[in-house]
Amino acid sequence: MDDSTGRRRSRRLTAGALLTGGVMYGAANAFYWVMFPDDVADTADNVTVAAGHLGAWRVETVLFALAHLLLLPAMLGLAATLGRRKPVVATVGGAASLLGLYFSTVHLWQYNAFFGALAGGGVDAGAARPVTTAIDGDPFVMASFAVWLLGWLVGLLVLAFGAWRARLVALWVPLVLTAGQVLDLVGTGVPVKVAVSVLMVAGFVGLARGVERSRAAEAPAGTATPATAAA
């Protein structure tokens, strides 16, 4: 298998991971907010929330885990796709997004699996509160939480705008992802969170199509010819 064939295969896998990972991410986010629409005043109260719909809590845990397992290679593949045209963007965006996704995976799994296990074991929120208070106040946990939020926000948008600058996607793709990320941070309520899911899915679909177009454009001549994004 020559280099051009390997690149095309890698881009096909990247496009597939972007598409399925993005859809899974949006579905998990929407499912969570539809099933658990009320914000909690205290972290320990998630035990009570999980106990109320334990089956749905388990489903949401699996959905988010699958989304992250797909998005990790998707971001790595997107960075590799941009690496030959925008090496600085690929390095910065790839490193930031991978760090963010890694800590997001750790936090979300700990968050979902931990509270699901407590709820399934009949532990009440009061008994869990000293543990959650210690976790929430730990400097290492707080730092890793910040890396998650900033890494995912900055990394994804750097890669998305880099894909636009490399003419892989149209401008609407990074703009839609920016809107989704910002709205997720500042917005509240089920309709807003569902809108976030729709925006994120649309953005990831756009990224997947851009990577797939670049693979198709390279195929005839076996060279890395930039694909012109559709307006």
Quick count over the stretch 83-115, residues being surrounded by fewer than 20 Cβ atoms within 10 Å (Cβ to Cβ) and farther than 30 Å from Trp164 by Cβ, is 6
Residue among Gly122, Gly126 that is farther than 24 Å from Ala17 by Cβ and modelled with pLDDT of 90 or more: Gly122
Test set (1) surrounded by fewer than 15 Cβ atoms within 10 Å (Cβ to Cβ); (2) without any contact (Cβ under 8 Å) to a residue 24 or more places away in the chain; (3) under 25 Å from Leu66 (Cβ atoms) - Leu185 fails condition number: (2)
Output the residues belonging to the stretch 160-215 that are assigned to a loop (DSSP other than H, G, I, E, B) and aliphatic (A, V, I, L, M). Ala166, Leu168, Val169, Ala170, Leu171
Does the stretch 50-75 hold any residues that are crowded, with 18+ Cβ neighbours inside 10 Å and among the aliphatic types (A, V, I, L, M), and which are they? Ala50, Ala51, Leu63, Ala67, Leu70, Leu71, Leu72, Ala74, Met75
Filter pass, Ser97 being hydroxyl-bearing (Ser, Thr, Tyr), within 20 Å of Leu69 (Cα to Cα) and under 13 Å from the mean Cα position of the chain (by Cα): yes
Residue in the stretch 157-179 that is in contact (Cβ under 8 Å) with a residue 60 or more places away in the chain, of a type outside the set (Gly, Ala, Ser) and under 20 Å from Leu108 (Cα atoms) present: no
Hey, which of the helices (runs of 4 or more DSSP H) in the stretch 1-112, taking only ones fully inside, have at least 3 residues that are among the aromatic types (Phe, Trp, Tyr) and modelled with pLDDT of 90 or more? 3-35
Working only within the stretch 197-211, note down all residues that are surrounded by 20 or more Cβ atoms within 10 Å (Cβ to Cβ) and over 12 Å from the mean Cα position of the chain (by Cα). Leu199, Gly206, Leu207, Ala208, Arg209, Gly210, Val211
Residues located in the stretch 136-147, provided they are surrounded by 13 or more Cβ atoms within 10 Å (Cβ to Cβ) and at pLDDT 90 or above: Val147
Condition check: assigned to a helix (DSSP H, G or I), modelled with pLDDT under 95, among the polar types (S, T, N, Q) and farther than 27 Å from Thr91 by Cα. Does Thr133 satisfy that? yes
For Arg9: the one exception among (1) buried (at least 21 other Cβ atoms within 10 Å of the Cβ); (2) basic (Lys, Arg); (3) without any contact (Cβ under 8 Å) to a residue 24 or more places away in the chain: (1)
Could you list all residues from the stretch 150-172 that are under 15 Å from the mean Cα position of the chain (by Cα) and surrounded by 17 or more Cβ atoms within 10 Å (Cβ to Cβ)? Gly151, Trp152, Leu153, Val154, Gly155, Leu156, Leu157, Val158, Leu159, Ala160
Within the stretch 27-49, work out how many residues are polar (S, T, N, Q), crowded, with 19+ Cβ neighbours inside 10 Å and in contact with a Lys or Arg (Cβ under 9 Å, 6 or more places away or on another chain). 1
Just to check your reading of the model, which residue among Thr61, Thr14, Thr48 is more than 29 Å from Ala202 (Cβ to Cβ) and touching a residue at least 12 places away in the same chain (Cβ under 8 Å)? Thr48
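The values are calculated or read from the model by the stated rules, or taken from the named source; none is laboratory data. Please read these numbers as outputs of a predicted model, since none were measured by experiment. Every residue, glycine as well, gets a Cβ built from its backbone with ideal geometry; the counts of neighbours run over all protein chains shown.
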